[in-house]
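Only one structure is covered here, and it is reproduced in the block below.
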Amino acid sequence: MALLPILEFPDARLRTVAKPVAQFDDSLRQLAQDMLETMYAAPGIGLAATQVDRHIRMLVLDVSEEQNEPKVLVNPSFERVSDITKPYDEGCLSVPGFYETVERVDQIQVHAQDLEGQPISFVADGLLSVCIQHEIDHLDGKLFVDYISNLKRQRIKAKLEKLHRSRA
């Protein structure tokens, strides 16, 4: 297994729309394991393939307190179960150190495939629902900062660009 570098905002590659997975093989399973290891080490509760510069529709997550319930969703999608939305303070491994309040649908019906290509479907609510919506946004080339004001987004961008320059 290997830790993968995580792209950081405002890297343009984060805006790439991921392509559906068609081949379910050992390389896909290895990428999923590497993504889980990277997510846990970061530490985070979710990671989309886009964030590690692999532009395929796959995400990993684990919202359990003990970090012992990993999930891998391939070609995920969701639909609203209800129209109830709730505000959540979101952070992101690609926008390190920043948290903003985002309104998300509280309960969703998730459709995806597992690492063997078998269909899976379940209802998610609360933090699991928020995490899945956040990671699917990544697969669609969106970031949580797209939900906040332009002024706040520009401030975050400027701070991260300064940080990136200081690391170079």
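Out of all the residues in region 38-60, is one or more in contact (Cβ under 8 Å) with a residue 60 or more places away in the chain and surrounded by fewer than 19 Cβ atoms within 10 Å (Cβ to Cβ)?
No - not one qualifying residue is present in region 38-60.
In region 151-165, how many are free of Cβ contacts under 8 Å to residues at least 12 places away in the same chain and buried (at least 16 other Cβ atoms within 10 Å of the Cβ)?
1
Output the residues belonging to region 9-29 that are touching a residue at least 24 places away in the same chain (Cβ under 8 Å) and in a helix (DSSP H, G or I).
Arg13, Leu14, Arg15, Leu28, Arg29
Restricting attention to region 15-31, and to residues there that are in contact with a Gly (Cβ under 7 Å, 6 or more places away or on another chain) and among the hydrophobic types (A, V, I, L, M, F, W, C), which single residue is least open to solvent (accessible area, probe 1.4 Å)?
Out of the qualifying residues, it is Phe24.
Residues in region 117-145 that are of a type in the set (A, V, I, L, M), open to solvent by 60 Å² or more (accessible area, probe 1.4 Å) and out of contact with any strand residue (DSSP E or B) (no Cβ under 6 Å at 6 or more places or on another chain): how many?
Adding up the residues that qualify gives 1.
Given the criteria out of contact with any strand residue (DSSP E or B) (no Cβ under 7 Å at 6 or more places or on another chain) and open to solvent by less than 30 Å² (accessible area, probe 1.4 Å), does Asp34 qualify?
Considered against the rule, which asks whether it is out of contact with any strand residue (DSSP E or B) (no Cβ under 7 Å at 6 or more places or on another chain) and open to solvent by less than 30 Å² (accessible area, probe 1.4 Å), Asp34 comes out as yes.
Going through region 61-85 one residue at a time, which ones are surrounded by 14 or more Cβ atoms within 10 Å (Cβ to Cβ) and either of a type in the set (Gly, Ala, Ser) or touching a residue at least 40 places away in the same chain (Cβ under 8 Å) (or both)?
Of everything in region 61-85, those that are surrounded by 14 or more Cβ atoms within 10 Å (Cβ to Cβ) and either of a type in the set (Gly, Ala, Ser) or touching a residue at least 40 places away in the same chain (Cβ under 8 Å) (or both) turn out to be Leu61, Val63, Val72, Leu73, Val74, Asn75, Pro76, Ser77, Phe78, Val81.
When you look at Ile148, is it over 30 Å from Pro20 (Cβ atoms), touching a helix residue (DSSP H, G or I) at 6+ places or on another chain (Cβ under 9 Å) and open to solvent by less than 60 Å² (accessible area, probe 1.4 Å), yes or no?
No: the conditions fail for Ile148.
Just checking, does region 97-116 include any residue being in contact with a His (Cβ under 9 Å, 6 or more places away or on another chain) and either modelled with pLDDT of 95 or more or surrounded by 21 or more Cβ atoms within 10 Å (Cβ to Cβ) (or both)?
Looking for residues that are in contact with a His (Cβ under 9 Å, 6 or more places away or on another chain) and either modelled with pLDDT of 95 or more or surrounded by 21 or more Cβ atoms within 10 Å (Cβ to Cβ) (or both), one finds at least one in region 97-116, hence yes.
The values are calculated or read from the model by the stated rules, or taken from the named source; none is laboratory data. Every value quoted in this text rests on a predicted model; they were computed, and no experiment measured them. Methodologically, a virtual Cβ is constructed for each residue, glycine included, from the backbone with ideal geometry; neighbour enumeration extends over all protein chains shown. Note: areas computed on protein heavy atoms with side chains; ligands, DNA, RNA excluded. Shrake-Rupley method; radii C 1.70, N 1.55, O 1.52, S 1.80 Å.
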